[in-house]
1. Go through Asp167, Asp124, Asp162 for me and flag whichever is touching a strand residue (DSSP E or B) at 6+ places or on another chain (Cβ under 8 Å) and charged (D, E, K, R).
2. Of the numbered conditions (1) within 19 Å of Pro246 (Cα to Cα); (2) out of contact with any strand residue (DSSP E or B) (no Cβ under 9 Å at 6 or more places or on another chain), Gly94 fails exactly one; give the number of that condition.
3. Just to be sure, is Phe201 of a type in the set (Phe, Trp, Tyr) and more than 13 Å from the chain's Cα centre (by Cα)?
4. Has the range 125-136 got at least one residue that is on the phi > 0 side of the Ramachandran plot, modelled with pLDDT of 95 or more, buried (at least 16 other Cβ atoms within 10 Å of the Cβ) and part of a helix (DSSP H, G or I)?
5. Would you check which residues across the range 207-244 are out of contact with any Leu (no Cβ under 6 Å at 6 or more places or on another chain), crowded, with 22+ Cβ neighbours inside 10 Å and closer than 26 Å to Val33 by Cα and list them?
6. Considering only residues that are among the hydroxyl-bearing types (Ser, Thr, Tyr) and either over 21 Å from Pro12 (Cα atoms) or assigned to a strand (DSSP E or B) (or both), which ones fall in the range 141-176?
7. Would you mind finding the one in Asp97, Asp115 that is without any contact (Cβ under 8 Å) to a residue 60 or more places away in the chain, over 20 Å from Thr248 (Cα atoms), crowded, with 16+ Cβ neighbours inside 10 Å and charged (D, E, K, R)?
8. Check off (1) of a type in the set (Ser, Thr, Tyr); (2) within 30 Å of Asp35 (Cα to Cα); (3) outside any helix (DSSP H, G or I) for Ser105 and give me the number that stays unchecked.
Amino acid sequence: MVAKQQELIRKPIPSSGEQLPVIGMGTSRTFDVGDDAEARAALLPVLQAFFDQGGALIDSSPMYGSSEQVTGDLLRQIGNKDALFAATKVWTYGKQDGIEQMQRSMQRMGVEVFDLMQIHNLRDWQVHLETLQEWKRQGRVRYIGITTSHGRFHEELESILDIEPFDFVQFSYSIGNRTVEQRLLPLAAERGMATLINRPFQRGELFAKVKGKPPPDWAAEFDCASWAQFFLKFVVSHPAVSCAIPATSKLHHMQDNMAAGFGRLPDAALRKRMISYFEAL
């Protein structure tokens, strides 16, 4: 792969300085295949390609059906997962239910210590934050975070980030939906929080807009060879973005996505050019 001839792009986690590859992997929908042996077999090379091309952070949630279990089973098959940065979420109400849910996530994903545990969609966040802070002190989780994929929660999320010291925050951002550039991305940078970006393709809407059209020739200036790379490099080139987590169940899409994590990133001038080009399509 061309990507391997270029340098893997990493960014530091602000609260620790630990370096993280800028392209991670989501599991929503794509890894929710239950006991379907054929679907699981097809996902194994997808997961292997993720690690082969420098991947580390895998993000899941109890909300994603069987995704945690499927991901864990496939990780056990791969075996060599030293690079894994395991992230999932707590998505329930109540202290004890939250504890039990996180314990199940550990069993399902085969993780003794989660690198990142996040409060999903702000659900019962005050209660779970207290537990997560205690677990972090005990070494049961390394980092704690909070997430949303819904714009309607942005105002509340902003008020939470203003007062609570999370290590990570996760929300949606793409070249077609840049709302978080206004408040959330600057706030995360100001507060020293790493950012995970979900829905960098707007669930495929971006590809529908560019269907049948090639990326611009000048995209080669930042080592971009496809629309997926164009969209991902736009996201992770924002100074306040730490890692994008696109989800896929297809090997060629995984290879394409991971290639965005190598080589050069667009600078501020190129980012403006990317926006203008995309909006003119």
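The values are calculated or read from the model by the stated rules, or taken from the named source; none is laboratory data. Keep in mind that this is a model prediction, so the values were computed, not measured. When we count neighbours, we look across all protein chains shown, and the Cβ atoms used for this are built from the backbone with ideal geometry, even at glycine.
1. Values: Asp124 fails: touching a strand residue (DSSP E or B) at 6+ places or on another chain (Cβ under 8 Å); Asp162 fails: touching a strand residue (DSSP E or B) at 6+ places or on another chain (Cβ under 8 Å).
Within the list Asp167, Asp124, Asp162, the selection yields Asp167.
2. Of everything listed in (1) within 19 Å of Pro246 (Cα to Cα); (2) out of contact with any strand residue (DSSP E or B) (no Cβ under 9 Å at 6 or more places or on another chain), Gly94 misses just condition (1).
3. On the way: of a type in the set (Phe, Trp, Tyr): yes; more than 13 Å from the chain's Cα centre (by Cα): no.
No.
4. Restricting attention to the range 125-136, the residues satisfying the condition of being on the phi > 0 side of the Ramachandran plot are none.
Scanning the range 125-136, I find no residue that is on the phi > 0 side of the Ramachandran plot, modelled with pLDDT of 95 or more, buried (at least 16 other Cβ atoms within 10 Å of the Cβ) and part of a helix (DSSP H, G or I), so the answer is no.
5. Within the range 207-244, Ala228, Leu232 qualify.
6. Of all residues in the range 141-176, those among the hydroxyl-bearing types (Ser, Thr, Tyr) come to 143, 147-149, 159, 172-174.
If the condition is that a residue be among the hydroxyl-bearing types (Ser, Thr, Tyr) and either over 21 Å from Pro12 (Cα atoms) or assigned to a strand (DSSP E or B) (or both), then Tyr143, Thr147, Thr148, Ser149, Ser159, Ser172, Ser174 are the ones that fit.
7. On the way: Asp97 fails: crowded, with 16+ Cβ neighbours inside 10 Å.
The conditions single out Asp115.
8. With respect to (1) of a type in the set (Ser, Thr, Tyr); (2) within 30 Å of Asp35 (Cα to Cα); (3) outside any helix (DSSP H, G or I), Ser105 is out only on (3).
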